[in-house]
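The values are calculated or read from the model by the stated rules, or taken from the named source; none is laboratory data. Computed from a predicted structure; not experimentally measured. Please note: Cβ atoms are built from the backbone with ideal geometry, for glycine as well, and neighbour counts cover all protein chains shown. Accessible surface areas use protein heavy atoms only, side chains included; no ligands, DNA or RNA. Shrake-Rupley method; radii C 1.70, N 1.55, O 1.52, S 1.80 Å.
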Amino acid sequence: MAQNLDKTYDPSQVEERLYKKWLDQGYFHAEVDHKKEPFTIVIPPPNITGHLHMGHALDNTLQDILIRWKRMQGYNVLWQPGTDHASIATEVKIVEQMAKEGLTKEEIGREAFLDRAWDWKEKYGGKILLQLQKLGSSCDWERERFTMDEGLSKAVLEVFLRLYKEGYIYRGAKIINWCPQCQTTISDAEVEHEETKGNFWHIRYRIKDTNEYIQIATTRPETMLGDSAVAVHPDDERYQKYIGKTVILPLVNREIPIIADEYVDQEFGTGVVKITPAHDPNDFEVGLRHNLPQISVMNDDGTMNEEAGLYSGLDRYEARKAIVKDLEQQGFLVKIEDHVHNVGFHDRCHCVIEPMIKMQWFVKMEELAKPAIDALKEGQLRFVPERFGKIYLHWLENIRDWCISRQLWWGHRIPAYYCQDCNEIIVDKEKPDTCPVCGSSRLKQDEDTLDTWFSSALWPFSTLGWPEETEELKYFYPTNVLVTGYDIIFFWVVRMVFSGIEHMGEVPFKDVLIHGLVRDSQGRKMSKSLGNGVDPLEVINEYGADALRLTLVTGNAPGNDMRFYWERVEASRNFANKIWNASRFILMNIEGKEIKPVDLSELTPADRWILSKVNTLAQEVTDNMNKYELGIAVQKLHDFFWEEFCDWYIEMVKPRLYNAEDKTNKAALWTLQTVLINALKLLHPYMPFITEEIFMYIQDQEKTIMFSSWPEYRKEWDFRQEEKEIELMKQGIRNIRNLRAEMNVPPSKKATVFVISEDKEIRNIFEKGKVFFATLAYATEVKIQKDKLGIGEDAVSTVIPGASIFIPFAELVDIEKEIERLEKERERLTKEIDRVVKKLNNQGFVNKAPEAVVEGERKKQEKYENMMKQVEERLQGLKK
RNA sequence: GGUCAAUUAACUCAGCUGGUAGAGUGUCUCCUUGACGUGGAGGAAGUCGGGGGUUCGAGUCCCUCAUUGACCACCA
């Protein structure tokens, strides 16, 4: 069987088969079980319009690692999957699709449009989840939810009603962000501010009944048509005299007042601001304070409306040109300056946002935000890394009311009904038959839908059945950790937290693990327009899911961005191959043999060493994972497996395996198998496929590593002494290899190796490890002796703590060179000793440093002096 | 304008609670040893951005400067 295994690991032969097995066996499925402790993660639901990109791959790899790990630890694990209806993104897609057929939303009407959208969702909405499966994601697919499915829609209604009744949701005409492209409002979080080059137009307004002018400066001259005042700072001496006077608005000749308001910055521009309450959020506020009329001059599509008079019908930017031209012609334009300022863009379509006053639905945020702030401050909620907590707090502390209504059709329709007769607003789960006030049956539902994030804010509990008090909800809520990118802290994390607290009375998760972006090799954001995106599926096809997963966690710290390099995927693939071949080697050796448990006393020091290593590895990896230090954990796993296990232990063990006479044969096989299994288990969260595949070969084709026990530190496997012993031997071997490399001795040329030590214990150590020491040190024979009997001076030598090693290479030895080498060694040791001695002579150090550190330095001193003594001796011998 | 992060070997990045710097890739030399050349052995390579400070001791803590990046922000 093992002989039949390919020499290289081929993920394509493995992944699909294993994933199917896991699915068929229902391994991902979780049921409420009060005997076990739950561990829950809700997936950040991908948009149904989405396809898997590197961000998803990273996000879900991290979640799957945590999930698989906890599952092995014995937790009753639920990874709750699902998708988001993504109102605006999806609606745009459907509209585009219809446009190809020459149709518009309005033509086909709401119902037909929604039919299309649902069709689209059925057809494409699950695509991304299938892609997540390719990654190995162990979500409980039986529990897949969708933000617009029946249960979640119920939750949305329930929340809307509750918040409305409690006064948190209100309807009001406020200035909102309007996207003329998408023809809908958007929330503040959806506006991206970008520095944009523009102009500063200085315009003079004539003061009524005088020939005096007051000069304003604006970046948006077209909005002047909606000006309802001109404002100066109340303390501004330059303009004191004008306060209360009236100016004539150029072009339209409307009379507007000059008002005083602290909002005006005297230093900036001319110190005079035109106030356009209907098209600027600040002006809106000023307008309210001064009771100014709100004159809207624009239509929803960004063209000027009838208020704009002559300019009516023009696009806002054409109107700007025309107005500037007219102002110039009529002598009102004083000057034009270049000006860089921030412009708000819609994050979806990148169209310039137009502030407008519209009647919309809002969530009053201040009170809801408070407990969410406290949750972090009091420690019920924690960000990893912590710094993101500051961002979260800052946002919440400066939060403004959340505009939740969208002029879209795809989404949860706002459950408000307007009486056509008495204008009463009724908010209810279902459309009432009659108006409770006037009894009219002419009721009309609000046309708008809710912001997508309104439903995803409920995701951690709505997916578990809320508002029903399901067993799942009681058992799995609150979830344990949320894994997401820093880019959606405002959109999603914040809103889930206050929603969880408000409706469930408890934070929805304790930890928030934040990761960064996966960028391209040049550090640029991966984007469609740049065409620099790497398709995770392509990586999986070429290198396997394990290699991709490993690449995404290796060398990365939480919250930090990372760059994607194909070379790194190759390195990961190589590691998978290494695991494969080491396992293949072990399988070939244990094949046909029954590996029975071995008494620890039968183990050789090498066996104990590696067992002890894997034991502490389990401990350390678990510690790191507890702290979400996955990058560090995987680094340790990599190093252990490749260096310690493959390069050292397997090589140490070979002579024993190839010698049928060797009595420690069984111990070696048991150790190989045991260490391999433990390593595979520790690796499984990171590399689920290859570890499962090998596990099945070792254990049983029916078994799964997924539910095998997570390795824990075992006291009886702690062999500190043997660790030291083997490390000493390794150092000896390294030194010998060094020597040989320096002298260009090929491995085929072997020699006798003498290990000389006066220390019986050290001689004993080498005696016990002689078999592998000989092989790894390219020795024909290893002689371990107390003195240098039988060694001529024509040998090369090296020193390790407590022993000298001699290799008689008569024909190769150059005494001069040997002396030179030893003198170098002496120099190095002198430096080391000096350093240690200096440190130990420092009273401050000896008195204040922890005992263990001081003791460590003393040991070092002893070690180096011992080595120095040997070097000196050897030098003396040579120089004679 | 505010906040935060980054600055460590040629490149990309790790480095937890302060105790003489690590990995991968690349590079150089050697090796077809019966798991693996997607390999093995060995080597070269870093004044940890600059300058202060705290400390017996700082890449690690504090201050400051510089550069880069991100986020937030209503200066028209």
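Across region A:801-823, which residue is farthest from RNA strand B (Cβ to nearest atom) among those that are in a helix (DSSP H, G or I) and open to solvent by 80 Å² or more (accessible area, probe 1.4 Å)?
Going through the qualifying residues, I end up with A:816.
May I ask you to list the residues in region A:214-228 that are open to solvent by 10 Å² or more (accessible area, probe 1.4 Å) and closer than 16 Å to residue A:248 by Cβ? Passing the criteria: only A:215. Residues of region A:428-445 include at least one that is among the basic types (Lys, Arg), farther than 25 Å from residue A:467 by Cα and open to solvent by 20 Å² or more (accessible area, probe 1.4 Å).
When only residues in region A:253-265 that are acidic (Asp, Glu) and within 13 Å of RNA strand B (Cβ to nearest atom) count, which is nearest to the chain's Cα centre (by Cα)? This residue is A:265. Would region A:697-712 turn up any residue that is buried (at least 21 other Cβ atoms within 10 Å of the Cβ), of a type outside the set (A, V, I, L, M, F, W, C) and in a helix (DSSP H, G or I)? No. Those helices (runs of 4 or more DSSP H) of region A:421-480 in which 3 or more residues are among the hydroxyl-bearing types (Ser, Thr, Tyr) and at pLDDT below 95 are absent.
Residue count for region A:563-592, restricted to those that are within 7 Å of RNA strand B (Cβ to nearest atom), in a helix (DSSP H, G or I), open to solvent by 50 Å² or more (accessible area, probe 1.4 Å) and within 24 Å of residue A:58 (Cα to Cα): 7. For region A:215-252, taking the residues that are among the β-branched types (Val, Ile, Thr) and more than 54 Å from the chain's Cα centre (by Cα), the one that is nearest to residue A:325 (Cα to Cα) is identified as A:252. With respect to the conditions (1) at pLDDT 95 or above; (2) away from RNA strand B (no atom under 14 Å from the Cβ); (3) open to solvent by 10 Å² or more (accessible area, probe 1.4 Å), residue A:607 lacks only one, and its number is (3). When the residues of region A:386-420 are filtered to those that are at pLDDT 95 or above, hydrophobic (A, V, I, L, M, F, W, C) and part of a loop (DSSP other than H, G, I, E, B), the one that is nearest to residue A:362 (Cα to Cα) is A:404. Candidates in region A:389-408 are the residues that are near RNA strand B (Cβ under 8 Å from one of its atoms) and in contact (Cβ under 8 Å) with a residue 40 or more places away in the chain; of these, the one that is nearest to residue A:164 (Cα to Cα) is A:400. Of the numbered criteria (1) within 25 Å of the chain's Cα centre (by Cα); (2) open to solvent by 10 Å² or more (accessible area, probe 1.4 Å), the one residue A:112 fails is (1). Among A:724, A:703, which is the only one that is more than 10 Å from RNA strand B (Cβ to nearest atom), more than 35 Å from the chain's Cα centre (by Cα) and not hydrophobic (A, V, I, L, M, F, W, C)? Among A:724, A:703, only A:724 is more than 10 Å from RNA strand B (Cβ to nearest atom), more than 35 Å from the chain's Cα centre (by Cα) and not hydrophobic (A, V, I, L, M, F, W, C). Taking the criterion of being more than 7 Å from RNA strand B (Cβ to nearest atom) and open to solvent by 10 Å² or more (accessible area, probe 1.4 Å), the residues of region A:730-739 that qualify are A:731, A:735. Do we find a residue being open to solvent by 40 Å² or more (accessible area, probe 1.4 Å), within 13 Å of RNA strand B (Cβ to nearest atom) and assigned to a helix (DSSP H, G or I) anywhere in region A:740-757? Yes. With respect to the stated conditions, residue A:773 fails to be open to solvent by 20 Å² or more (accessible area, probe 1.4 Å) and aromatic (Phe, Trp, Tyr).
When the helices (runs of 4 or more DSSP H) confined to region A:1-104 are screened for residues that are charged (D, E, K, R) and free of Cβ contacts under 8 Å to residues at least 12 places away in the same chain, those reaching at least 2 such residues are found at A:15-24, A:87-100.
Can you tell which of A:35, A:20 is out of contact with any Asp or Glu (no Cβ under 6 Å at 6 or more places or on another chain) and under 30 Å from residue A:590 (Cα atoms)?
Within the list A:35, A:20, the selection yields A:20.
For the residues A:273, A:297, the requirement of being of a type in the set (Val, Ile, Thr), within 45 Å of the chain's Cα centre (by Cα), within 14 Å of RNA strand B (Cβ to nearest atom) and crowded, with 18+ Cβ neighbours inside 10 Å singles out A:273.
When you scan region A:301-311, how many residues do you find that are open to solvent by 50 Å² or more (accessible area, probe 1.4 Å) and in contact with an Asp or Glu (Cβ under 9 Å, 6 or more places away or on another chain)?
Qualifying residue count, region A:301-311: 2.
Scanning region A:616-654 for residues that are crowded, with 17+ Cβ neighbours inside 10 Å and more than 21 Å from residue A:579 (Cα to Cα) turns up A:624, A:625, A:628, A:629. Can you name the residue in region A:847-871 that is closer than 10 Å to residue A:799 by Cβ and surrounded by 14 or more Cβ atoms within 10 Å (Cβ to Cβ) and is also farthest from RNA strand B (Cβ to nearest atom) among such residues? Only one residue fits best here, namely A:870. Kindly check whether there is at least one residue in region A:824-842 that is within 18 Å of residue A:743 (Cα to Cα) and within 16 Å of RNA strand B (Cβ to nearest atom). Checked against the condition, which is being within 18 Å of residue A:743 (Cα to Cα) and within 16 Å of RNA strand B (Cβ to nearest atom), region A:824-842 yields at least one hit. For region A:481-520, give me each residue that is in a loop (DSSP other than H, G, I, E, B) and surrounded by 20 or more Cβ atoms within 10 Å (Cβ to Cβ). Hits for region A:481-520 are A:507, A:508.
Filtering region A:618-629 to residues that are part of a helix (DSSP H, G or I) and either among the polar types (S, T, N, Q) or near RNA strand B (Cβ under 10 Å from one of its atoms) (or both) leaves A:619, A:620, A:622, A:623, A:624, A:626.
Exactly one residue among A:533, A:523, A:555, A:544 is within 13 Å of RNA strand B (Cβ to nearest atom), at pLDDT below 95, open to solvent by less than 60 Å² (accessible area, probe 1.4 Å) and within 23 Å of the chain's Cα centre (by Cα), and that residue is A:523. Taking residue A:198, is it within 43 Å of the chain's Cα centre (by Cα), near RNA strand B (Cβ under 10 Å from one of its atoms) and of a type in the set (Gly, Ala, Ser)? Criteria met by residue A:198. Among the residues making up region A:342-379, those that are outside any helix (DSSP H, G or I), under 16 Å from residue A:494 (Cα atoms) and open to solvent by less than 20 Å² (accessible area, probe 1.4 Å) are A:363, A:365.
Determine, yes or no, whether residue A:798 is over 24 Å from residue A:765 (Cα atoms) and either buried (at least 17 other Cβ atoms within 10 Å of the Cβ) or in contact (Cβ under 8 Å) with a residue 12 or more places away in the chain (or both). Taking the combined requirement at face value, the residue does not satisfy it.
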